[in-house]
1. Can you run phi through the Karplus equation (6.51, -1.76, 1.60; θ = phi - 60°) for region 201-215 and list ³J(HN,Hα) in whole Hz, with x for Gly and Pro?
2. May I ask you to evaluate 6.51 cos²θ - 1.76 cosθ + 1.60, the Karplus curve with θ = phi - 60°, for each residue of region 174-180 and list the ³J(HN,Hα) values in order in whole Hz, giving x for glycine and proline?
3. Please give the charge dipole size of region 2-72, origin at the Cα centre, charges +1 on K and R Cβ atoms and -1 on D and E Cβ atoms. Round to the nearest 20 debye.
4. Report the dimensions of region 85-227 along its three principal axes from the alpha-carbon atoms, largest first, rounded to Å.
5. For a footprinting-style exposure proxy, rank LEU8, LEU139, LEU226 by other Cβ within 10 Å, fewest first.
6. Among CYS206, CYS159, CYS108, what is the fewest-to-most ranking by other Cβ atoms within 10 Å?
7. Please check the chain for the longest run free of GluC sites (Glu not before Pro) that are loop-located per DSSP (anything but H, G, I, E, B) and have at most 13 other Cβ atoms within 10 Å.
8. Can you tell me the dipole magnitude for the chain around its Cα centre, using point charges on the Cβ only (Lys, Arg +1; Asp, Glu -1), in Debye to the nearest 20?
Amino acid sequence: MRTLQRALGILEGFSAERPSLSLQEIADRSGLAKSTAFRLVAALAETGYLLRLDDQRYCLSFRFTRLAGLVQSTLSVRDVARPLMQSPCNRTGETVTLNAVEGRYRICLEVVHAMSPLMSVTRAGTRSALVDGASARVLMSRLPEPERARVVAAAARACHQPRVAFAREIDEAARRGWAVTHGERAAGLSAVAALVGDAEGGWPWCITLAGPTVRLQPRERELLRLVQQVAAGVSRQMGAPLA
């Protein structure tokens, strides 16, 4: 297991900014001794996952292109997220959703419903304007400009809030990668949302846990940690370049 982790650490050291690395750079980026890095690099090159270039540097091989194609053709973010969403739903008894941003709208892609007589009810496929609530806040926070500015201005008007103050709140959501709201979309309803990233460096999705404020507000920190863990797990499996 340790050898596998080290080999994966070497592969993850390559990036769009650094597509080729010397052996010393590989050792430095992976934190391995040069001798250990050399053995693992040699094994990865022998099995076809690394290529040695004429300048003695190494790069990822086209074998990853084939594997990536297989992933893209068989796996969706819903497939990745749903098993991870089940755990916080079971632990908390609250509804957990996977949401995507599409223009100025939030689309619910997947739902794991809580088994409670008092719960947040959302259906997969529901389309809502990016205006209020934790999901809307985090999704609009990472929109590209100038679309982000237009969406934030429209949301501020709809929420009857000063645009500058509302924009600061969205900036904070962008910095943190999460948002918590109490009674914003509906009285007595709270939500915790965290961003989910993709392999291109975007943040087009979020994981949201929602339920009655009377249950969520006292457990806000605990629920935020759970949602962040799920969002990080989905991001990792979707290939996001996490820190």
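Each reported figure results from applying straightforward, stated rules to the coordinates on display, with no laboratory input. Nothing here was measured: the structure is a model prediction, and the numbers come from that model. When we count neighbours, we look across all protein chains shown, and the Cβ atoms used for this are built from the backbone with ideal geometry, even at glycine.
1. Once rounded to whole Hz, the list reads x, x, 10, x, 10, 8, 9, 10, 10, 9, x, x, 4, 4, 9.
2. Values, residue by residue: 5, 5, 7, x, 8, 8, 10 Hz.
3. Using only the charged Cβ atoms, the result is roughly 240 debye.
4. For region 85-227, the Cα extents along the three principal axes come out at 41, 34, 26 Å.
5. Numbers: LEU8 12, LEU139 29, LEU226 22.
The fewest-first ordering by Cβ neighbours comes to LEU8, LEU226, LEU139.
6. Details: CYS206 29, CYS159 13, CYS108 18.
Ascending number of Cβ neighbours within 10 Å: CYS159, CYS108, CYS206.
7. The longest such stretch corresponds to 18-199.
8. 320
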